[in-house]
Amino acid sequence: MDDSPTFRHAMVNLGISKDELRKKTIEDFSDAIQEKDVVQVRFKHYQERLLALVNNLLQERHRIKNLAYISMGGTAEITPRY
């Protein structure tokens, strides 16, 4: 993930820690007791939550950049570069 000051600011604003953005594998969700189906569901939920977190983070980063642009005298909203 990006480690720019704007990105870190967005993480603080949203209360997201670096650990929440840590990439995990399906093996991180398995243990000896659980069935394969349960592990797959847990991993899928993790992926969906991670995608939502990243999307929220990118939107917040864009909002922060727009506020900075406007505060420097800009008048038009800048377009995000995802």
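The values are calculated or read from the model by the stated rules, or taken from the named source; none is laboratory data. In this text the structure is predicted, and so the values were computed from the model without any measurement. We place every Cβ from the backbone using ideal geometry, glycine too, and count neighbours over all the protein chains shown.
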Taking the options ASP37, ASP3, name whichever one is of a type in the set (Asp, Glu) and either assigned to a loop (DSSP other than H, G, I, E, B) or surrounded by 11 or more Cβ atoms within 10 Å (Cβ to Cβ) (or both).
-> ASP3
Looking at ARG49, is it among the basic types (Lys, Arg), in a helix (DSSP H, G or I) and modelled with pLDDT of 95 or more?
-> yes
Being more than 21 Å from MET11 (Cβ to Cβ) and surrounded by 13 or more Cβ atoms within 10 Å (Cβ to Cβ) is the filter; apply it to the range 42-65 and report the residue that is farthest from the chain's Cα centre (by Cα).
-> ARG42
When every residue in the range 10-46 that is of a type in the set (A, V, I, L, M, F, W, C) and in contact with a Lys or Arg (Cβ under 7 Å, 6 or more places away or on another chain) is compared, the one modelled with the highest pLDDT is ALA10
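Pull up the range 6-22, narrow it to residues that are without any contact (Cβ under 8 Å) to a residue 24 or more places away in the chain and not in a helix (DSSP H, G or I), then point me to the one that is surrounded by the fewest Cβ atoms within 10 Å (Cβ to Cβ). Break it down stepwise before answering.
Initially, the range 6-22 is screened for residues without any contact (Cβ under 8 Å) to a residue 24 or more places away in the chain, giving 8, 12, 15, 17-19, 22.
From what's left, not in a helix (DSSP H, G or I): 15, 17, 22.
Values: GLY15: 7, SER17: 9, ARG22: 10.
Per the criteria, the residue is GLY15.
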